[in-house]
Each structure stands twice: as C-alpha cells, then as structure tokens.
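Asks: One structure follows; several queries about it will come next.
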Amino acid sequence: MKKISLVIFALLFVPMLVLAQADKKKAIYFYSETCAHCEQVNGYFQEQDIYGKYDIQKIEASGPYNLDYLNKFFDAFGVPAEKRGFPVVFFSDKMIFGDKPIIDSFVKEIDQTDASEFPTPEKISLLLESNSGKGADKHSGASVSIPVLFWAALVDAINPCAFAVLILLVATVISSKGRKEGLLSGLMFSLSVFISYFLMGLGIYKAIGAFNLPQIFSIVIGGIAILIGLANLKDFFWYGKGFVMEVPFGWRPKMQSIIKKVTSPLGAMGAGFVVSLFLLPCTSGPYIVILGLLAQREDLARSVSLLALYNLIFILPMVVITIGMYFGIRAKRLESWRQRNIRLLHLVAGAIMLFIGVYLIHNWL
C-alpha cells in the first residue's frame, strides 16, 4: 500500500513541478550596451529577479541585424522612426518603451496577459488586427495555461472507471500469458487510448473552432467546469445515487466482456480503441473544457501540442499501474484500493474542476 501511495504522490506532484517551470511568461527585451536607461532597467530586472520569474530573451540591438529585427517590431505597432529607441520590451501584443514605464508597469502588464510564447512581429500584427476587429476586447486571445491544463487532465487521469478497466485487462492477460505479455498489453492499451482521445479531441477542437464562437464562450466553459465539479462532489457525498461521473452502470457488463476476451498485446490495442468509446462520456467533461479554450487560439501548432500533452497526462496513471502490476502488485490490491478511495477520487476531481471554473470566470470578468 505504501508503494501505491508513493506512486500516486509522484504522479500528482512531480509533473506539476516540471510543468510549472515550463510555464513562465515570455518577453523580448531589446537594449544597448551603451544605453544608460537600459542599465536602469537591467538593474531593476536583477534586483526584482525578473529574469528568474519570467522567461526574458535579451537582444543587444545596436548591431545592424538585431536593429533591423527590432524595427520590424516597431513596424508592427506603427511607431514612427523618430520615436524608436531603447530600452523596449515586447510580449503578447504589448509594447513598453522607456526605462520608467518598464520599471513601473512591466510586472503588472505581463501578469494580465497571455505571454506563453515569445512574440514575433507577425504574431503581433495578427493579434492587433484581431483585437481591433473585436473592439479591443481585453479578453480576446484567451488561452490555456499549463497548470490549468495539467489539473484538468489530472481529473481525467484519476477517473475510477479508467483504473478499473486497465486493472481488469492487465490481470486477464497476466493470468493467461504471463507478466511480460501483461506489460506489453497494458502499454499497448494505453497507447491506443492516447491515440483515440487525441484524434477525438482534435475533431471536437476543429468543430468548436468552426463556429467562431465569441469570447463570452470563456465564461460558459467556466460554468461547465463548475457543474462538473459539483457533480463529482455529489459522488463524494452520495455515491451511486442518481447519475455518476463514471461509465454508466448499464454499460459496464458489455465493457467487461470485451476486456475479458483480450489475450494479447494486439488485442489490447484493439480493445483500447473500443473501450475509449465507453470511457469518453465519463471523462469528456474536463476534456471539453480544455478543448473549448484551445479552440479560441489562432496558434494551431501550440493547440495541438497542448492536446498531446493533455492526453499524455491522461494515460500516465495507466502506464504506472501497468508497470506496477508487472513488478508484482496484485490486481486485487489495486482494485481494493480503488474501491476504498473511489469517493476521495471524486472529491479531488470535484475540487479541481471547481477551482478551474472559478479561475476561468474570474479571468474573464
């Protein structure tokens, strides 16, 4: 039991620490070595640990190549040639020029924006054009931060019905073919679930994006997250009464019959695709929340990469359970732990989704 607790602790907190480090907001700082005002900004950044708190790309722009690059940023903002100079900071669709404005407002401004990517002149032009077409709505460009994505994926990952399916599948293969085949089967099952969810998510993402929904959709998504959180809290206090945030009880015999027929890694992969259709209704809530937020982004490449990250987090417990069973953790112990903690899992999921919902609505307002 201690091994299981340690695995779950690592599963919850180690990825969060890694992802938190990767979620620093990004900015580009243009300066000159001979600029006294730049020295003031650099001293402030060092004193306030700005370089540690944010991902700042410093560019010495007195040379011809870097100066030309800086001028492209000024061109994007339409700054006249006679009003250009150093120091200047760019992030998202913002520009702060001059030592005093940077020192006075950099932290406040960057904390209020989505600066998850380094800006480019092209991206700035697109964002400014988009914002002007929407009345410069301060909420335009809503995005998904890595911590929000991590916690939403974690809610999916700790879903009790996903645990039950995998435990049954790996135990079935181990009993008939041995631990090596059980390990391969569990990994192939996890891979097929990843592929299925990624493709289904990509399809939903495209469908949502095709409607070109207004930014008020952010507050709708926040409301959905709160409802999902309340539904999970219901399962903590009154588990089994009414609906449950799991695979419906009536579907479970059919799903179990599919799993019990699996005797090979290839069969496990096929079962993964089929079982994904059963799992989707009980795990789609957090997924829809994230997909709805991703669909508001114009950066398709980053949205797809975040979708892949979400699904990697989603299957991580499956991989951990598979490896644990390979090294001798018995299915009965895992299933017993699942049954004893099923309400607690719903409590954790409910609390996380409530937090995400309130966070999204608060940011929109």
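Asks: Only residues that are of a type in the set (Val, Ile, Thr) and within 17 Å of Met188 (Cβ to Cβ): list them for the stretch 316-331, please.
Replies: Result: Val319, Val320, Ile321, Thr322, Ile323.
Asks: Let me ask another. Restricting to strands (runs of 3 or more DSSP E) lying wholly in the stretch 51-101: which have 1 or more residues that are in the same structural domain as Ser125 (by TED's automatic domain parsing) and without any contact (Cβ under 8 Å) to a residue 40 or more places away in the chain?
Replies: Numbers: elements: 55-60, 88-91, 94-97.
Output list reads 55-60, 94-97.
Asks: Residues being in a helix (DSSP H, G or I), of a type in the set (S, T, N, Q) and modelled with pLDDT under 65: count how many of those fall in the stretch 265-309.
Replies: Going through the stretch 265-309 one residue at a time, the tally reaches 2.
Asks: Could you tell me whether Val262 is modelled with pLDDT under 70 and either of a type in the set (A, V, I, L, M) or in contact with a strand residue (DSSP E or B) (Cβ under 9 Å, 6 or more places away or on another chain) (or both)?
Replies: When the stated conditions are applied, Val262 passes them.
Asks: Something else now. Suppose the filter is crowded, with 20+ Cβ neighbours inside 10 Å and at pLDDT 75 or above; does Phe314 pass it?
Replies: Spelling it out, Phe314 is indeed crowded, with 20+ Cβ neighbours inside 10 Å and at pLDDT 75 or above.
Asks: It is to be established whether one or more residues within the stretch 206-226 are modelled with pLDDT of 75 or more, over 30 Å from Ala301 (Cβ atoms), surrounded by 12 or more Cβ atoms within 10 Å (Cβ to Cβ) and of a type outside the set (Asp, Glu).
Replies: yes
Asks: Report yes if some residue within the stretch 37-50 is under 33 Å from the mean Cα position of the chain (by Cα), over 19 Å from Lys108 (Cα atoms) and either at pLDDT 85 or above or buried (at least 17 other Cβ atoms within 10 Å of the Cβ) (or both); otherwise report no.
Replies: no
Asks: For residues in the stretch 314-329 being of a type in the set (Phe, Trp, Tyr) and touching a residue at least 12 places away in the same chain (Cβ under 8 Å), which is farthest from Ala157 (Cα to Cα)?
Replies: The extreme case among them is Tyr326.
Asks: A further question follows. Starting from residues that are surrounded by 16 or more Cβ atoms within 10 Å (Cβ to Cβ) and among the β-branched types (Val, Ile, Thr), keep the ones in the stretch 1-36 and report whichever is modelled with the highest pLDDT.
Replies: Checking each candidate, the answer is Ile28.
Asks: Please specify each residue of the stretch 85-116 satisfying the condition of being charged (D, E, K, R) and either at pLDDT 90 or above or under 13 Å from Tyr54 (Cβ atoms) (or both).
Replies: Across the stretch 85-116, the qualifying residues are Lys94, Asp99, Lys100, Asp104, Lys108, Glu109, Asp111.
Asks: Separate question: Output the residue which, of all residues in the stretch 72-114 that are farther than 13 Å from Tyr29 by Cα and of a type in the set (S, T, N, Q), is surrounded by the most Cβ atoms within 10 Å (Cβ to Cβ).
Replies: Thr113
The values are calculated or read from the model by the stated rules, or taken from the named source; none is laboratory data. Because the structure is predicted, anything quoted here is derived from the model rather than measured. Cβ sites come from the backbone with ideal geometry, for glycine too, and all protein chains shown count toward neighbours.
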